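Novice: One structure follows; several queries about it will come next.
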């Protein structure tokens, strides 16, 4: 069974069933049966999903003890300060947990494909690159909110050494044998 990389578009569920919501799902894009997402992206987030039937690989990519880094580009409302970024790098205390330390830096506009619904900020915005080794529900959004920078757009661009590359929203490709080996290192 193949392992796939998929560029999940905005407002697509990271599951193959919509559970009665009427939303688009992976089933609308992925014609291969019996593959499952190794981690999820929320409905409003975009970017890289890895799909496989290998439960051990899913566990490895999802469990923070394996230190598989996930990289996100977050467009935030506001101007990040060095102090705000330092909080992300030390580990942010949130309502239900303390996020592990993250790598965070300001980046220039990453020139991503346009989103299906444009963003309408109410003030200045900036782009952050945030690298995590865990992935709790809405974690990046909660972290940026905690430092006073609400996330307007969130795109996962890498899982470990695997990146979006040339994929466009809604496109997928098979992971090569060489790429698969790098995930196990």
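Novice: Given the peptides 92-101, 3-12, arrange them by the average over their residues of other C-beta atoms within 10 Å, most packed first.
Specialist: Numbers: 92-101: 12.9, 3-12: 21.0.
By packing density, highest mean first, the sequence is 3-12, 92-101.
Novice: Rounded if a/c is under 1.5, else prolate if a/b beats b/c, else oblate: with a ≥ b ≥ c from the C-alpha gyration tensor eigenvalues square-rooted, which is region 68-159? Walk me through the intermediate numbers first.
Specialist: On the way: a/c = 1.62, a/b = 1.32, b/c = 1.22.
Prolate.
Novice: Now for a different question. Arrange the following residues from fewest to most other Cβ atoms within 10 Å of their Cβ: 107, 159.
Specialist: Values: 107 11, 159 22.
Fewest to most other Cβ atoms nearby, the residues stand as 107, 159.
Novice: Further, regarding this structure: Extending each Cα 7 Å along its Cβ direction at residue 182 and residue 97, get the distance between those two points in nm, one decimal.
Specialist: 2.7 nm
Novice: For a footprinting-style exposure proxy, rank 182, 125 by other Cβ within 10 Å, fewest first. Let's see the in-between values first.
Specialist: Details: 182 12, 125 17.
Exposure proxy ranking, most exposed first: 182, 125.
Novice: Please give the contour-minus-distance gain from residue 134 to residue 27: 0.36 nm per residue of separation, less the Cα-Cα distance, rounded to one decimal in nm. If you can, show how the numbers build up before the last one.
Specialist: Details: separation 107, 0.36 × 107 = 38.52 nm, distance 2.61 nm.
Stretched out fully, the residue 134 to residue 27 stretch lengthens by 35.9 nm.
Novice: Out of all DSSP beta bridges in the chain, what portion is antiparallel? Express it as a percent rounded to 5. Numbers along the way, then the final one.
Specialist: Working: 33 of 36 bridges.
Antiparallel bridges: around 90 percent, rounded to the nearest 5.
Novice: Which length gain, in nm to one decimal place, applies between residue 63 and residue 111 when the Cα-Cα distance is subtracted from 0.36 nm times their residue separation? If you can, show how the numbers build up before the last one.
Specialist: Working: separation 48, 0.36 × 48 = 17.28 nm, distance 3.05 nm.
Additional length available on full extension: 14.2 nm.
Novice: According to a simple spin-label model (label point 7 Å from Cα along Cα-to-Cβ), what is the distance in nm between residue 83 and residue 19?
Specialist: So the label points at residue 19 and residue 83 sit 4.0 nm apart.
Novice: GNM, the chain, Cα, under 10 Å: largest mean-square fluctuation among 116, 45, 24?
Specialist: Comparing 116, 45, 24 in a Gaussian network model of the chain, the most mobile one is 116.
Novice: Let me have the 222 nm mean residue ellipticity of the chain computed from DSSP H runs of 4+ only, each contributing -39500 (n - 2.57), with the sum over all residues rounded to the nearest 500.
Specialist: The helix contribution divided over the chain gives -4500 deg cm²/dmol.
Readers should treat all values here as calculations from the given coordinates under stated rules, not as data from a laboratory. The structure presented is a predicted model; accordingly, all values stated were derived computationally and were not measured. Neighbour counts run over all protein chains shown; Cβ positions are idealised from the backbone, glycine included.
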